[in-house]
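Structure, as structure tokens:
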Amino acid sequence: MQKFKSNTRIIIGVDHGYGNMKTAHRVFRAGVECMEDEPIVSKNFVKYKDKFYVIGESHLVYQGNKTDSEDFYILTLAALAEELKFRGLHEANVTLAAGLPLAWMKSQGADFKRYLMKEQELHFEFRKERYHVHLCGVEIFPQGFAAVVNLGAMLGMNMLADIGNGTMNVMQIIDNKPLKKSLVTDKFGAGICMKEIQKELSKESGEDIPEMLIEPLLRKGLQGRTDNIAKKVEYIAKKYTENIRKRLTDYGYKEELVHLYVIGGGGCLLQNYSDLGEKAGVTFITDICANAKGYEILAEKKLRR
């Protein structure tokens, strides 16, 4: 383990999703459950200020502002621990790089920065290992745009669709410049498709079907399956992707003129259950950590100025 040096600083990018939390090298389910006593079964918990928070055993409920509860703050601690552990550290001076949809940057950016920065000296435990983070600063960047920062100049007419679990964020990029008037945050994330599938399967079986049985079919496609569950998933997923296509068209997507970039977990649905995966003018960014990596790149550039 590297020693803590007061004169060194590292940048850690965190992508705060409603389905998953992502750093440059780690992904875990976004779920928080507060407990007064130490969990008996699970070791996957944060201990912070004498409380225990079980991580990843549920999904966050979508909320319009990520500062409305302490959930994302606790998840940020878990994300810092995950990334520090990957880098062989338990202590560090950290600049936290995070993001919001570009449409929310003006209205929520300052509040989100204050929310993440409310404590500079962070002492906490994750999976029973102690961490000490001195938070040097927080930088907030446009979600989605950060994911394509390494792709080079995006000349001509482009559209970026970031389809997460809670929302779909869309922007047009003309000659490498985001078009502000094109920004859309649509509450039509992939979680809607999952809930509809669960609802329909529950009607037929009379039992609740866990997400873990459905997720592989959404991520990887049917893979030759022809059973009733697979058929129901295919039918609903195709309806969902058709709706996505219609919405993208409404937001300015023209197949012959616009190059479409798709990121986020919802991209798997478009690849597996629509014809977009076969289009030459469509690029799927399949790295789920692309935003977090982009935040680190943008933060490094900003700190060099």
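The values are calculated or read from the model by the stated rules, or taken from the named source; none is laboratory data. On a predicted model such as this, the values are computed, not experimentally measured, just so you know. Neighbour counts run over all protein chains shown; Cβ positions are idealised from the backbone, glycine included.
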Original post:
Given the conditions (1) surrounded by 19 or more Cβ atoms within 10 Å (Cβ to Cβ); (2) of a type in the set (Gly, Ala, Ser); (3) at pLDDT below 95, which single one is not true for Ala24?
Top reply: (3)
Original post:
For region 248-256, does any single residue satisfy the condition of being outside the structural domain of Met21 (by TED's automatic domain parsing) and under 12 Å from Ile163 (Cα atoms)?
Top reply: yes
Original post:
Any idea which of (1) over 30 Å from Ala147 (Cα atoms); (2) at pLDDT 95 or above; (3) not polar (S, T, N, Q) is the one Val41 doesn't satisfy?
Top reply: (2)
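Taking the stated definitions as given, is Ala97 part of a strand (DSSP E or B) and touching an Asp or Glu at 6+ places or on another chain (Cβ under 6 Å)? Step through it out loud before you land on a result.
Values: part of a strand (DSSP E or B): yes; touching an Asp or Glu at 6+ places or on another chain (Cβ under 6 Å): yes.
Against the criterion (part of a strand (DSSP E or B) and touching an Asp or Glu at 6+ places or on another chain (Cβ under 6 Å)), Ala97 qualifies.
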Original post:
Pick from region 62-82 the residues that are touching a residue at least 12 places away in the same chain (Cβ under 8 Å) and more than 14 Å from Val46 (Cβ to Cβ): which of them is surrounded by the most Cβ atoms within 10 Å (Cβ to Cβ)?
Top reply: Lys66
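Can you find a residue that is of a type in the set (Lys, Arg) and farther than 30 Å from Leu298 by Cα anywhere in region 198-216?
The first filter runs over region 198-216 and keeps only residues of a type in the set (Lys, Arg), leaving 199, 203.
With the extra rule that they be farther than 30 Å from Leu298 by Cα, the set shrinks to 199, 203.
Looking through region 198-216, at least one residue is of a type in the set (Lys, Arg) and farther than 30 Å from Leu298 by Cα.
Tell me the residue from Ala92, Ala103 that is in the same structural domain as Tyr48 (by TED's automatic domain parsing), among the small types (Gly, Ala, Ser) and farther than 21 Å from Phe28 by Cβ, please.
Ala103
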**OP:** Within region 249-305, track down each residue that is surrounded by fewer than 21 Cβ atoms within 10 Å (Cβ to Cβ) and acidic (Asp, Glu).
**Re:** Asp250, Glu255, Glu256, Asp275, Glu278, Asp287, Glu300
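Somewhere in region 84-93, is a residue out of contact with any Ser or Thr (no Cβ under 7 Å at 6 or more places or on another chain), crowded, with 22+ Cβ neighbours inside 10 Å and in a helix (DSSP H, G or I)?
Residues of region 84-93 out of contact with any Ser or Thr (no Cβ under 7 Å at 6 or more places or on another chain): 84-92.
If we keep only those that are crowded, with 22+ Cβ neighbours inside 10 Å too, we end up with 84, 92.
Narrowing the set further to residues that are in a helix (DSSP H, G or I) leaves 84.
Yes, region 84-93 has at least one match.
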